[in-house]
Every structure is written in structure tokens, then in C-alpha cells.
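> Take this structure first; my questions come after.
The values are calculated or read from the model by the stated rules, or taken from the named source; none is laboratory data. Keep in mind it's a predicted model, so treat the numbers as computed, not measured. Every residue, glycine among them, receives a Cβ derived from its backbone with ideal geometry; neighbour counts consider all protein chains shown.
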Amino acid sequence: MVKEIYQFAAILDEPFWGMRLVDDIDDAAKDLLYTQFCHVEDHVYVPISLATNWRPPRVEIIHETYNDLPSDYPYFATPTYNHLPAFSRRAIDVLGDLIAGDGEILPVECDEGEFFVYNITRIIDLLDEERSAIDWMKDIDRTGPRPRLKPYAIATIRHFEIHKERLGDAAIFRLPRDPFREYVTDVFHDRVEEAGLQGMEFKKVWPPLRPEKPRLPDWFFKT
């Protein structure tokens, strides 16, 4: 039974390795990594299986004076997606049985070790938007008699409430309208902590640490 949910990310403010594609990547690999890896339709994340057509791209470890510690979850940036989930062989040995059902473990070629990118295919619409406190990205909706701002994707979640019955047995997942963040459950978090995997950070989002204070309506601030 899931007890906690965490937002999961690579550590960026500590001296851990990063990863990047080498310059000679072909167009087909670019398409998979740059456009299909985080596929969004109408501002909703729609996972696409990549395993059948996957050809391992070449990557290299970024070595700088400020980030030269080995990482089990290296920060892997591409031009169109801030970060692709990437794991070391050590991390896959520890977490592989947990995450195999939530996505695709895809190898990459690297001269400095065995690494994998991870295509998350588990999407869970569990966020209770009515009880949560959400800052939305908005766009102009011109379909009605007057233009209005319409929320289309999540910018930040300040207070996290869920539909517990929708969670199931997931270890790692995404929210449909929050496609660029990864979430994990306590079984994933605890496995990482017990194994001492490096380069990962967790922010507990549920259960919330304290109730969200009621938000004052907009008219309260008008003079």
C-alpha cells in the first residue's frame, strides 16, 4: 500500500555528473529523444512506446570542475525537454523490478559506463484539482462570446491532494497535465535510500505536511 508520494528529480546544485548527446546523433534518434520522448497532445501527456524502434544513441558524461562525482541519475538535458530520466546500471539493478511495469528501460551507448534512459508510460490522473492548490499556465480561449483565460497545464502544485483509489501499485508515474515532472512512491524512495544511490533528490508532496490555508478571492485585493 502506498503511503507517500514524492516529486523526483536529478540533483542540479551538487557536483554530480551530467550527460549529453554526442554531436553525431542521427535524425531518427533526435526525433525519438526530442519529440517523442515526452509526447504532449492538447497540453496532456500521452506516452508513446519507443522500445520497438529504439536505436541506442551515443551519449557522453559531462566532466567539469564543479560536477565530477558519479551519479546514478545523471542530469540529461536535450533542447526540447529539460531533462530525460536516465539511470546507471547500478540504479537499474536496484530499481529495475519496480519500474519495469511503469515504463521502458532503454539503453544508450557511453564509453564511461552502462546507462539507460527511461520512458515513463504510467500516467495516473490522481490529482484532486478541487482540493489541491494549483498554479496554472493559461492561454486565451476565444471560443466563447468573449476571450477568457483558460488553464491548460500545471505550473506548480502548492498543495497536493489525491484520489487515493486511483494510485494502484505504481512506483514512478506522471500526471497527465504535468508532463515535465516525475513522481515516485515511497517504495521507490525507500529502495533508493537503502541502496545509497547517488544524484537523486526527493520532495515529499503527499500526504501534505500541513493543510493549505484558504486562498483569498481576487476581489479581496482590488481597491
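> Out of everything in the range 123-146 that is more than 19 Å from residue 165 (Cα to Cα) and of a type in the set (Val, Ile, Thr), what residue ends up being surrounded by the most Cβ atoms within 10 Å (Cβ to Cβ)?
Restricting attention to the range 123-146, the residues satisfying the condition of being more than 19 Å from residue 165 (Cα to Cα) are 133-146.
Restricting the remaining residues to those that are of a type in the set (Val, Ile, Thr) gives 134, 140, 143.
Working: 134: 17, 140: 8, 143: 7.
Restricting to residues being more than 19 Å from residue 165 (Cα to Cα) and of a type in the set (Val, Ile, Thr), the top hit is 134.
> Still on this structure, please answer the following. Filter the range 187-199 down to residues that are at pLDDT 95 or above and under 16 Å from the mean Cα position of the chain (by Cα) and give me whichever is surrounded by the most Cβ atoms within 10 Å (Cβ to Cβ).
Of everything passing the filter in the range 187-199, 188 is surrounded by the most Cβ atoms within 10 Å (Cβ to Cβ).
> Still on this structure: Please verify whether the range 37-48 includes one or more residues that are in contact with a helix residue (DSSP H, G or I) (Cβ under 9 Å, 6 or more places away or on another chain) and either modelled with pLDDT of 80 or more or not in a helix (DSSP H, G or I) (or both).
yes
> Restricting the range 79-94 to residues that are over 13 Å from residue 108 (Cα atoms) and surrounded by fewer than 16 Cβ atoms within 10 Å (Cβ to Cβ), which is modelled with the highest pLDDT?
Ranking the candidates gives 93 first.
> Same structure again: Would you check which residues across the range 110-122 are within 13 Å of residue 33 (Cβ to Cβ) and either polar (S, T, N, Q) or surrounded by fewer than 16 Cβ atoms within 10 Å (Cβ to Cβ) (or both) and list them?
119
> To continue, here is another question. Enumerate the pairs (first residue in the range 51-65 and within 10 Å of residue 21 (Cα to Cα) and of a type in the set (Lys, Arg); second residue anywhere and assigned to a loop (DSSP other than H, G, I, E, B) and at pLDDT 85 or above) with beta-carbon separation below 9 Å, excluding pairs fewer than 6 apart on the same chain, so at least 6 apart or on different chains.
Pairs found: 58/110; 58/111.
> Continuing with this model, one more query. Within the range 134-185, count every residue that is within 18 Å of residue 204 (Cα to Cα) and of a type in the set (Lys, Arg).
Result for the range 134-185: 4.
> Filter the strands (runs of 3 or more DSSP E) completely within the range 101-156 down to those with at least 3 residues that are modelled with pLDDT of 90 or more and under 24 Å from residue 188 (Cβ atoms).
Values: elements: 103-108, 115-120, 133-141.
In the range 101-156, 103-108, 115-120 are the strands (runs of 3 or more DSSP E) which contain 3 or more residues that are modelled with pLDDT of 90 or more and under 24 Å from residue 188 (Cβ atoms).
> Can you give me the number of residues within the range 66-78 that are within 13 Å of the chain's Cα centre (by Cα) and at pLDDT below 90? Spell out how you get there, then give the answer.
We begin by selecting, within the range 66-78, every residue within 13 Å of the chain's Cα centre (by Cα); these are 73, 75-77.
Pick out the ones that are also at pLDDT below 90 and you get 75-77.
Qualifying residue count for the region: 3.
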